[in-house]
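Peer 1: Encoded as structure tokens, here's the structure I'll be asking about.
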Amino acid sequence: MKGIVFTEFLEMVEAKFGLETLDNIIENGNLPSEGIYTSVGTYEFNEMVTLITNLSEETKIPVGDLIYAFGLYLFAGLANSHPEVIKNYNTPLGLLYCIEDHIHVHVKKLYPDAELPTFKILDKTDSRITMVYSSSRGLYRLAHGLIEKAFEHFGGSATITYDLLKEDGTEVKFDIVQNG
């Protein structure tokens with residue numbers, strides 16, 4: 001997993017829960033990297049799982065809710081780090097429609113070894129989009145947070161519902177309807 005995701009996660013933990021909580025989840029993790037991350041490094045996905053699990057135990061917030069909160073937080077970090085990825089879009093639905101054909105292509109240029117989820121568009125209109133998220137990591141709650149923040153970025157909001165097509169969250173259908 002790319003280091004930028006780790007550094008953004010650690011920034012979120014510090015901002016929302018404090019430095020003591022951040023230190024605790026790293027110290028209690030017995031992490032191969034010893035909790036030392038750079039935005040350009042690559043780290044094992046299991047380290048992120050350990051950090052999120054430790055944060056859940058520390059804060060008593062369910063893991064899924066923390067992953068969703070991280071998705072909300074991560075959008076701003078990615079938008080600030082890579083504004084060129086978003087600047088070509090005028091609407092959140094346009095951005096979502098082009099995840100596979102443009103955004104993930106751009107991400108792969110920046111991070112060739114990144115393991116990205118796939119998004120298959122099933123239906124799109126001017127006010128809604130239906131797509132299937134697929135990833136072996138099952139981080140659909142992260143995707144949910146990112147989608148929600150995309151709408152906020154463009155000054156709007158959406159009603160976002162999802163159905164687990166596979167119980168482990170590795171395949172999820174999102175129905176997204178733009179409000180207003």
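The values are calculated or read from the model by the stated rules, or taken from the named source; none is laboratory data. Since this is a predicted model, take the numbers as computed values, not measurements. Cβ coordinates were reconstructed from backbone atoms using ideal geometry, including for glycine residues, and neighbour counts include every protein chain displayed. Surface accessibility is based on the protein's heavy atoms, side chains included, excluding ligands, DNA and RNA. Shrake-Rupley method; radii C 1.70, N 1.55, O 1.52, S 1.80 Å.
Peer 1: In the range 90-180, which strands (runs of 3 or more DSSP E) lie fully inside it and hold 1 or more residues that are in contact with a Gly (Cβ under 9 Å, 6 or more places away or on another chain), among the polar types (S, T, N, Q) and open to solvent by 20 Å² or more (accessible area, probe 1.4 Å)? Show your work before the answer.
Peer 2: Details: elements: 118-124, 128-134, 158-164, 171-178.
Strands (runs of 3 or more DSSP E) meeting the threshold: 171-178.
Residue-wise test of (1) within 18 Å of Tyr111 (Cβ to Cβ); (2) open to solvent by less than 30 Å² (accessible area, probe 1.4 Å); (3) not aliphatic (A, V, I, L, M).
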{"position": "Lys2", "(1), (2), (3)": "yes, yes, yes"}
{"position": "Glu14", "(1), (2), (3)": "no, no, yes"}
{"position": "Gly18", "(1), (2), (3)": "no, yes, yes"}
{"position": "Gly35", "(1), (2), (3)": "no, yes, yes"}
{"position": "Gly41", "(1), (2), (3)": "yes, yes, yes"}
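Peer 1: Got a number for residues in the range 66-89 being in a helix (DSSP H, G or I), open to solvent by 20 Å² or more (accessible area, probe 1.4 Å) and without any contact (Cβ under 8 Å) to a residue 40 or more places away in the chain?
Peer 2: Final tally of qualifying residues: 3.
Peer 1: Also, I was wondering about something else. Would you mind stating whether Gly18 is over 25 Å from Ile121 (Cα atoms) and touching a residue at least 24 places away in the same chain (Cβ under 8 Å)?
Peer 2: Numbers: over 25 Å from Ile121 (Cα atoms): yes; touching a residue at least 24 places away in the same chain (Cβ under 8 Å): no.
Considered against the rule, which asks whether it is over 25 Å from Ile121 (Cα atoms) and touching a residue at least 24 places away in the same chain (Cβ under 8 Å), Gly18 comes out as no.
Peer 1: Kindly provide the set of residues from the range 1-40 that are modelled with pLDDT under 95, small (Gly, Ala, Ser) and within 18 Å of the chain's Cα centre (by Cα), ordered by number.
Peer 2: Gly3, Ser39
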